[in-house]
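Take a look at the structure below.
What follows draws every value from the coordinates through simple rules; no lab data is involved. Quantities reported herein were computed from a predicted structural model and do not represent experimental measurements. Note that we place each Cβ from the backbone using ideal geometry, even for glycine, and neighbour counts take in every protein chain shown.
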């Protein structure tokens, strides 16, 4: 059951609508993994038109590039479909980003991991009903009362992301799964291992 506010930005967004310097190497790496996730159905769009799934890579310090809001329906993204999150304040529920697309509605969840674990270089947020139902409260899971896109969810994710790599089930976000690791490939392999065990 998908919540009616699914996919909508809940934090206060300060958006600098200008292109940022997105290196070809980083773009090719993130787009390759995203395409694989899209082809497997981990990223996509629901029948009501609401998109789901996003991924990010750390840049310098806690800055990160993330796929843009409302891009779940697009099979092959271009550079204009990504945003650079330059700063964030979880306590005040605020995100500052730059790019031709707004940062994903799940940016706060990604930010929580990058801030709490300096070893993490990439974060994947995907949806998969069967995998979520099977692994909820088996793998580390956020509290059910913590809704997606809120500081409460971000604090829960920060609490659970202390290991160098891992998977977090989003208890208050039906179908929501986060995989993270030192790079995109590691985060993807962790997720795929669970998927192949279904």
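The table that follows gives values for the structure above.
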{"read-out": "Residue among 31, 18, 119 with the largest mean-square fluctuation in a Gaussian network model of the chain, springs linking Cα atoms under 10 Å", "value": "18"}
{"read-out": "Gaussian network model of the chain, Cα within-10 Å springs - most flexible of 65, 138, 45", "value": "138"}
{"read-out": "Residues 150, 142 arranged by fewest to most Cβ contacts within 10 Å", "value": "150, 142"}
{"read-out": "Which of 195, 114, 188, 180 has the fewest Cβ neighbours within 10 Å, and the rest in rising order", "value": "195, 188, 114, 180"}
{"read-out": "MRE, 222 nm, helices only [DSSP H, n ≥ 4, -39500 (n - 2.57), over the chain, to nearest 500]", "value": "-8500 deg cm²/dmol"}
{"read-out": "Rounded Å value of the spacing that divides the Cα centres of region 35-79 and region 126-143", "value": "19 Å"}
{"read-out": "Prolate/oblate/rounded call for the chain, Cα gyration tensor, a/c under 1.5 rounded", "value": "rounded"}
{"read-out": "Overall form of region 123-198 per C-alpha gyration tensor (a/c, 1.5; a/b vs b/c)", "value": "oblate"}
{"read-out": "Prolate/oblate/rounded call for region 1-88, Cα gyration tensor, a/c under 1.5 rounded", "value": "oblate"}
{"read-out": "Choice from 117, 183, 92 with maximal GNM fluctuation in the chain (Cα, 10 Å cutoff)", "value": "92"}
{"read-out": "Region 57-198 - percent relative contact order, Cα under 8 Å, separation 6 or more", "value": "22 percent"}
{"read-out": "Burial ordering of 157, 74, fewest other beta-carbon atoms within 10 Å first", "value": "74, 157"}
{"read-out": "Set of region 76-120 residues, backbone N closer than 14 Å to the point 7 Å along the Cα-Cβ line of residue 46", "value": "none"}
